[in-house]
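Working notes, beginning with the structure itself.
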Amino acid sequence: MARPKIALIGAGQIGGTLAHLVALKELGDVVLFDIAEGTPQGKALDIAQSGPVEGFDASLTGTNAYADLKGADVCIVTAGVPRKPGMSRDDLLGINLKVMKAVGEGIKANCPDAFVICITNPLDAMVWALREFSGLPHNKVVGMAGVLDSARFRHFLSLEFNVSMKDVTAFVLGGHGDTMVPSVRYSTVGGIPLPDLVAMGWTTQAKLDAIVQRTRDGGAEIVGLLKTGSAFYAPAASAVEMAEAYLKDQKRLLPCAAHVKGAYGLDGLYVGVPVILGADGVERVVEVKLDATEKAMFDKSVDAVKGLVAACKGIDPSLA
Ligand code: APR
């Protein structure tokens, strides 16, 4: 059986890291695509030359032609521009919307059967626009945000409790922005919910609140440190986890920016919710019970996403 074909659209910081991880994990053959001439070709060659040392079997090629995406099983989209210090994800809207149009049309023409994972920011609006431009079924187009946001939350919690990150599960809902909702009730250490750990004296509510805020600001903290771009190692690892869930039909329950129609009182909006990822893409949206505070935070986040979608429609009338 042929190896799966994984198209990485955007060969920048995240795209290059994705290619490296996909090869190391032998998830399939990689086609790196970018509009910048030489960049995808150079990165593909460099990673391919690490193959004899690492011992992986995967072919890596770079291209500037959409036709080379033909037959891709998975597309991971990072094309666009990242944030600079002082910019919010929303500031990227106008530029990256045009990129989503080109990429969506390229996917539609060349690999309409692919499972598409969007990473480009502002995420919830860009994954919506990419779905609109590509015309793919909603279950086959998903955004990567919740896996990254919950990984950040898990990392901070493991530091606070001095326990292995493996034993920390975390749950993040809502849009990938300042209004995201890291859920304390649904996050655990070895199955013990965080509020119980406060009651057990492992931490204080004030420290937990600070960790929640640091999670919300997790991307900006890295932008501030790097000064020339945004995070790429953890975003790439998060998207690869989602691609693997699809390719291996793992039925993972992961927080993703998925199309929600019916659940959570929504009528067809892309926003971060827990979903089951398997061979059919998003196989199920999992609707958890939110308490009044969580619901208020989730609604605020939904409103922010709706505002971005409306702004997209204002910029590109074909989306209205
Ligand atoms: N088609 C294909 N590639 C494009 C296009 C386009 N129309 N426009 C830009 N690109 C490419 C750039 O040439 C660049 O190589 O997208 C790549 C983006 O890479 P980086 O600038 O290194 O950005 P990166 O850190 O990878 O982040 C990409 O993901 O997390 C988000 O906010 C982030 O939106 C940003 C995206």
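Results, tabulated for the structure shown:
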read-out: Residue among ILE276, ILE35, ILE14 with the largest mean-square fluctuation in a Gaussian network model of the chain, springs linking Cα atoms under 10 Å; value: ILE35
read-out: Amide hydrogen neighbours beyond the local backbone of SER183, cut-off 5 Å, H modeled; value: PHE171, VAL172, LEU173
read-out: Evaluated over segment 109-258, the Cα radius of gyration and Dmax, each in Å; value: 16.5, 57
read-out: TYR246, TYR233, TYR186, TYR270 arranged by Cβ crowding within 10 Å, fewest neighbours leading; value: TYR233, TYR186, TYR246, TYR270
read-out: Relative contact order %, segment 1-138, counting alpha carbon pairs below 8 Å whose residues are six or more apart; value: 24
read-out: Computed over segment 170-320, Cα set: Rg, Dmax in Å; value: 16.9, 55
read-out: Sequence-distant residues sharing a close amide H with GLY62 (under 5 Å, placed H); value: LEU32
read-out: Ordering of 221-232, 153-164, 195-206 by burial proxy (mean other Cβ atoms within 10 Å per residue, highest first); value: 153-164, 221-232, 195-206
read-out: Burial order of peptide ranges 299-312, 247-260, 115-128, 50-63 (average beta-carbon count within 10 Å, highest first); value: 115-128, 247-260, 299-312, 50-63
read-out: Equivalent ellipsoid semi-axes - Cα gyration tensor, segment 1-88, angstrom; value: 22, 15, 12
read-out: Contour excess over end-to-end distance, with Cα ends at ALA102 and TYR233 and 0.36 nm allotted per residue; value: 44.6 nm
read-out: Descending principal axes extents, segment 104-169, alpha-carbon based, whole Å; value: 50, 21, 15
read-out: Segment 17-173 shape via C-alpha gyration tensor axes, a/c threshold 1.5; value: oblate
read-out: Pairwise centroid distance, computed over Cα atoms, of segment 23-81 with segment 286-320, Å; value: 34
read-out: Cα centroid separation, segment 89-147 to segment 200-231 (Å); value: 27
read-out: Helical segments meeting 20 Å axial Cα length and Kyte-Doolittle 0.5 threshold in the chain (DSSP H); value: 233-247
read-out: Residue-averaged [θ]222 nm for the chain, counting only DSSP H segments that reach four residues, each worth -39500 (n - 2.57); value: -13500 deg cm²/dmol
read-out: Computed over segment 148-233, the ratio Rg/Rh where both radii use C-alpha atoms and Rh is Kirkwood; value: 0.98
read-out: Size of segment 133-181 as Cα extents on the principal axes (Å, biggest first); value: 46, 23, 11
read-out: Segment 72-143, Cα convex hull volume normalised per residue, Å³; value: 65
read-out: The chain: equivalent-ellipsoid semi-axes (sqrt of 5 x gyration tensor eigenvalues, Cα, Å); value: 31, 23, 19
read-out: Residue-wise HN-Hα coupling along segment 172-185, computed from phi with Karplus coefficients 6.51, -1.76, 1.60 (Hz; x: Gly, Pro); value: 10, 10, x, x, 8, x, 5, 9, 4, 10, x, 8, 6, 5
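Here, each number is a calculation from the coordinates, and none is a lab measurement. Keep in mind the model is a prediction, meaning the values are calculated, not measured. Here Cβ is always computed from backbone atoms with ideal geometry, including for glycine, and neighbour counts include all displayed protein chains.
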